[in-house]
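Taking it in order: structure first as structure tokens, then the write-up.
Quick note: the coordinates plus some simple rules give every number you see, no bench work behind them. What you are looking at is a predicted structure, and each value in this text was computed from that prediction instead of being measured.
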Amino acid sequence: MKSAWIAAALACFLSLAGCHKDINTTEAVERGMTNYLAKKSGLSAMDVSVVSVAFHGNEADATVHFQAKGSGNINSGIDMKYILERQGNEWVVKGRSGMGSGANPHGNMGGTGTNPHGGSMPQLPPGHPAIPQSEPAPSK
């Protein structure tokens with residue numbers, strides 16, 4: 001009789017332990033990003049991939065790369081950082097991160113031009129007409 005109780009308790013414990021999946025994987029974060037981005041219009045023309053993930057308990061910081069579908073050049077897209085929160089057995093996007101800390105929301109676009117506001121501007125695609133550079137307004 002005692003062994004029946006132990007077997008029942010062990011079976012109950014194992015079934016409960018099986019309900020809590022380990023979702024600290026890049027694949028689970030990609031599913032969360034896919035669910036989030038499916039609600040956004042215009043992103044069906046984009047290839048989306050999770051570049052890196054850092055897990056911190058019930059939160060994850062993910063770097064996500066966006067580029068036009070069919071583009072063979074990995075450098076043609078942008079990277080954005082997102083914060084996800086574990087809700088049950090899935091990751092749910094809380095929002096983007098790094099936007100208020102001076103980070104470039106457009107990623108490193110590999111530019112070499114001159115920006116009147118400082119820094120560099122991205123190179124224009126081949127065949128694009130030149131954009132005239134404006135002079136900064138004189139200070140009074």
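Given H placed 1.01 Å from N in the peptide plane, which residues other than close sequence neighbours of Glu59 have an amide H under 5 Å from its amide H?
The answer is Arg86.
Search the structure for amide H atoms under 5 Å from the amide H of Ser97, placed 1.01 Å from N in the peptide plane, and list their residues when 5 or more places away or on another chain.
When sequence neighbours closer than 5 places are left aside, the close amide H contacts are Lys81, Tyr82, Ile83.
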